Each structure stands twice: as C-alpha cells, then as structure tokens.
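Below is one structure, written out as structure tokens, with a few remarks after it.
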Amino acid sequence: MKNNKDFSNQNLQNKDFSGQDLSGADFSGANLRGADFRGANLKDANFEGAILHGANFEGAILIGAILAELILEGLILGMLI
C-alpha cells in the first residue's frame, strides 16, 4: 500500500498544503512551484531535489526536514520553526 504522504516526483504546482500535518512526507523530486505550505508541519519531511520556485513556507515547521539539492528561485520563507 502506498504511503499517503508520498508525493515524490509528482507535479504539485500551486497546491495548497497550508496548515496540514505533513510530518515525514516525501516530496523528493516533486514540482512544488507556487505551493502553499504556510503553517504546515513539515517535521522530518524530505524535499531533496524538489523544485520550490515561489513556494511559501511562512510559519512552517521544518525541524529535521531534508533540504538538499533544491531549486529555490522566488522561495518565501518568512518566520520558520
């Protein structure tokens, strides 16, 4: 059975993940252009190789998140935890 937090290699442009509990989610290789992660719990999430142009992470919890080999143009971070 596929993990419901496995978003790897998917096209998730402009997806609204705001306020969601996505702890441990796998976003590796995903296209997350313009995605909204404001206030989301992203503890231990994997963003390795993800495209994050214009994504919004204001107020997101990124403790332990894997942020390697990202494409970050226009990324909005604001206040993070």
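Laboratory data are not the source of any read-out in this text; all were calculated from the coordinates shown. Only a predicted model underlies this, so the values are computations on that prediction, with no experimental measurement involved.
Structure notes:
- Karplus-based coupling profile of region 53-67, in residue order and whole Hz: 3, x, 5, 10, 10, 4, x, 6, 9, 10, 4, x, 5, 8, 10, with θ = phi - 60° in 6.51 cos²θ - 1.76 cosθ + 1.60 and x standing for Gly or Pro.
- In order through region 39-49: 3J(HN,Hα) via Karplus (6.51 cos²θ - 1.76 cosθ + 1.60), integer Hz, x for Gly, Pro: x, 7, 8, 10, 4, 6, 6, 10, 10, 4, x
- Amide H partners (placed H, <5 Å) of D21, local residues excluded: N41
- Proximity of backbone amide H atoms, modeled 1.01 Å from N, is registered between I66 and A45, N46, F47 at under 5 Å, excluding neighbours fewer than 5 places apart on the same chain.
- Potential extension, D44-K5 segment - 0.36 nm per residue separation minus Cα distance: 12.9 nm
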